[in-house]
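*Asks:* Pasting a structure here, questions to come.
The values are calculated or read from the model by the stated rules, or taken from the named source; none is laboratory data. Treat the numbers as computed from the prediction; the structure is a model and nothing was measured. The protein model used for the area step is the full one, side chains on, heavy atoms only, and it has no ligands, DNA or RNA in it. Shrake-Rupley method; radii C 1.70, N 1.55, O 1.52, S 1.80 Å.
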Amino acid sequence: MQAKILEVLAVDDGRSIVSKGLNTEEVARKIGVSRPTASRWLAVLEATSKVKHYDVGRSKIWFIAPKKI
């Protein structure tokens with residue numbers, strides 16, 4: 001499940017893989033699970049520093065966390 005989430009958040013623009021921001025509902029729809037299930041998996045990924053989010057109103061916009069150098 002974690003790999004599916006990371007895959008939908010990643011976009012290959014031809015030069016490199018960049019992250020696009022999606023809200024929890026969009027992530028859930030794209031991976032075929034309920035919103036609460038997607039939310040739980042996103043929280044797991046955030047706890048392991050693989051994704052981050054920012055709040056827009058009541059929505060969370062999720063994206064792949066930048067790698068530390």
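*Asks:* Do you know which residues across region 57-67 are open to solvent by less than 80 Å² (accessible area, probe 1.4 Å) and within 15 Å of the chain's Cα centre (by Cα)? Outline the logic, then answer.
*Replies:* Step one: of region 57-67, the residues open to solvent by less than 80 Å² (accessible area, probe 1.4 Å) are 57, 59, 61-65.
If the condition is that a residue be open to solvent by less than 80 Å² (accessible area, probe 1.4 Å) and within 15 Å of the chain's Cα centre (by Cα), then SER59, ILE61, TRP62, PHE63, ILE64, ALA65 are the ones that fit.
*Asks:* Search region 9-55 for residues being modelled with pLDDT under 90 and among the β-branched types (Val, Ile, Thr), and hand back the single one that is most open to solvent (accessible area, probe 1.4 Å).
*Replies:* ILE17
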